[in-house]
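Contents: one structure, followed by commentary.
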Amino acid sequence: MTRYVIVGAGAVGACLAVELGDRGHEVLLIARGATLEHLAAQPLSYHTHAGAREVRLPVAAIGDELNLRLGDILVLAVKTQDVAGAAAELAWRDVSDRRGGVLGPAAELVPIVTVQNGLDAERAAARWFDTVIGAVFMISAQYARVGEVRVGGYPAIGAAIAGVAAGDPGTGAQALKTFVADLRAANFGIEPVADVRAYKAAKILHSVRNGVEVLAGDRPVKQAVGDALTAEARRVLAAAGIEHRETGDLILDPDQESFSAGSGVQRDRQSTWQSFARGAGGHEADYLNGEIALLARLHGVDAPLNTRLQQLLGRAARRGGGLEQPGLELLVEQLPGD
Ligand SMILES: NC(=O)c1ccc[n+]([C@@H]2O[C@H](COP(=O)([O-])OP(=O)(O)OC[C@H]3O[C@@H](n4cnc5c(N)ncnc54)[C@H](OP(=O)(O)O)[C@@H]3O)[C@@H](O)[C@H]2O)c1
C-alpha cells in the first residue's frame, strides 16, 4: 500500500492522515511548532459524524532526517504561503528503494499533491517537483484549537476533484489513479479531471469570501460583501483569460455535501477564520484575495474589494490577529451601487 507523507498537520492534513491510516496506509505527518509538540506527546482529538476519538499519529519535523521511499506520495496540506518553503525543503531529499539504496531526489521520484485553495500552489510546487497533482477539496475541516480537528462531512468525509497539474502525463496519470483510488477507499467522493486548474479557479470564486468571516458585522451585510467579492473575482479571472468551471461543478454528489452538526463543525468558520481564531502567524488571504489583486494589477483592471479585504486582513494579522476585526464598512463603501 502507498505510504503518504503529509506535510501540515492542520485541518486537511490531519483528516487525511487519520482517514488513510484507518484504511491501512502507513502515514507520516509533518508538523511544526505547537502542533508538532502536541502530537509528539499526545494523540489528536478527532471529531466526525461518527463521534470523537483519540488518534495517535506518527509525526516528524520537516528538518528531520526523513526516509523517503520510492512509491511514497507526498501531500502538501500547508496553506499556500508555506508551499514553496516546504517543497524546497523536501525536493532534494534522497529517495531509497526497499533495501535502502539511494535512487535519486524526491523532486524527481515522488509525486506531490497540492490541496490548496487559490491558483498558486501547483506552479510553486512545480518549480521543484516533476509530477504535481492538483486537488480541490470540498471539506468542512476545522483546526481551531491545537490538538483538535473536526470534520463535518457526512456520509462522505469530503469531496474532491484532482488532476495532473504539471509534469509528465504518464507518470502523473499513474499517481493520480493511485491517489483517487486511495481516497475513494477512505470515504472521499473524488473525481479525476483533465482541467484541474479550471476547478481551482472555480474554488477561488468561493474562497475570496472566506476572509469576511473574520470581520465584525451582520450576516446579511457580510453576505452582500461576499457576493460582490465573488463577482469582482469573476471579472478579474475573465480579464486575465483564466477559464473557470462554475462553483456548482464542485459539488460531486449532493449526499457528499451534507453536513453533520454532530462533528461540532460550525459553518462560517472556514480556513482564514481558523487561522485568526488560533492566532496563527500566517493566513492565506494574500493568495486568495491577493491572487485577485495580483491578477488585476497584471492585467490592468481594478479589484478594489479584494484589494481592500487583503489589506484589512494583513493589517489585522500584524496587530496579532483575533476575531471580530473592524473594517467591514470600508468594504461596504466599495460595493457597486444599484
Ligand atoms: N480546512 C478546510 O476545510 C479546507 C477545505 C478545502 C481546502 N483547504 C485548503 O487546504 C490548505 C490547508 O488548509 P488547512 O485548513 O488544513 O490549514 P491549517 O489547518 O492551517 O493547517 C496547515 C498546517 O500546516 C502547518 N505547516 C505549515 N508549514 C509547515 C512546515 N513547513 N512544516 C510543518 N508544518 C507546516 C501549519 O503550521 P502553523 O499552524 O504553525 O502555521 C498548520 O498546522 C489551504 O490551502 C486551504 O485553503 C482547506
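The values are calculated or read from the model by the stated rules, or taken from the named source; none is laboratory data. What you are looking at is a predicted structure, and each value in this text was computed from that prediction instead of being measured. Reconstructed Cβ throughout: ideal geometry from the backbone, glycine too, with neighbour counts over all protein chains shown. Just so you know, the surface numbers come from the protein's heavy atoms only, side chains and all, with ligands and any DNA or RNA stripped out. Shrake-Rupley method; radii C 1.70, N 1.55, O 1.52, S 1.80 Å.
Using the Karplus relation 6.51 cos²θ - 1.76 cosθ + 1.60 with θ = phi - 60°, the per-residue 3J(HN,Hα) values for region 187-196 come to 6, 9, x, 9, 10, x, 9, 8, 10, 4 Hz, with x marking Gly and Pro.
Among 146-155, 96-105, the peptide with the highest mean count of other Cβ atoms within 10 Å heads the list, and the full ranking is 146-155, 96-105. The angle between the Cα long axis of helix 219-239 and the longest principal axis of the Cα atoms of the chain comes to about 70 degrees, rounded to the nearest 10.
Among the protein heavy atoms, those of ILE62 account for about 50 Å² of accessible surface (1.4 Å probe, every chain in place). Which distance in Å, rounded to a whole number, links the C-alpha centroids of region 313-338 and region 227-249? First find each Cα centre; the distance between them is then 22 Å.
So what are the chain's ellipsoid semi-axes, whole angstrom, largest first, if each one is the square root of 5 times an eigenvalue of the alpha-carbon gyration tensor?
Details: eigenvalues 202, 103, 73 Å².
Over the Cα atoms of the chain, the semi-axes work out to 32, 23, 19 Å.
Taking amide H positions as modeled 1.01 Å from N, with prolines and chain starts lacking one, the residues under 5 Å from ARG69 and 5 or more places away or on another chain are SER96.
The listed residues LYS200, LYS222, LYS177, once ranked by accessible area (1.4 Å probe) with the largest placed first, stand as LYS177, LYS222, LYS200. Share of carbon and sulfur in the accessible area of the chain stands at 48%, probe radius 1.4 Å.
Figure note: MET1, MET138 ranked by solvent-accessible area, largest first, 1.4 Å probe, ligands and nucleic acids not counted: MET1, MET138.
When Rg is the radius of gyration of the Cα atoms in region 4-196 and Rh is its Kirkwood radius, what does Rg/Rh come to? Kindly include the intermediate steps, with their values, before the conclusion.
Numbers: Rg = 15.6 Å, Rh = 16.6 Å.
On the Cα set of region 4-196, Rg over Rh gives 0.94.
A 1.4 Å probe run over region 181-338, with the rest of the protein chains in place, finds 49 Å² accessible per residue.
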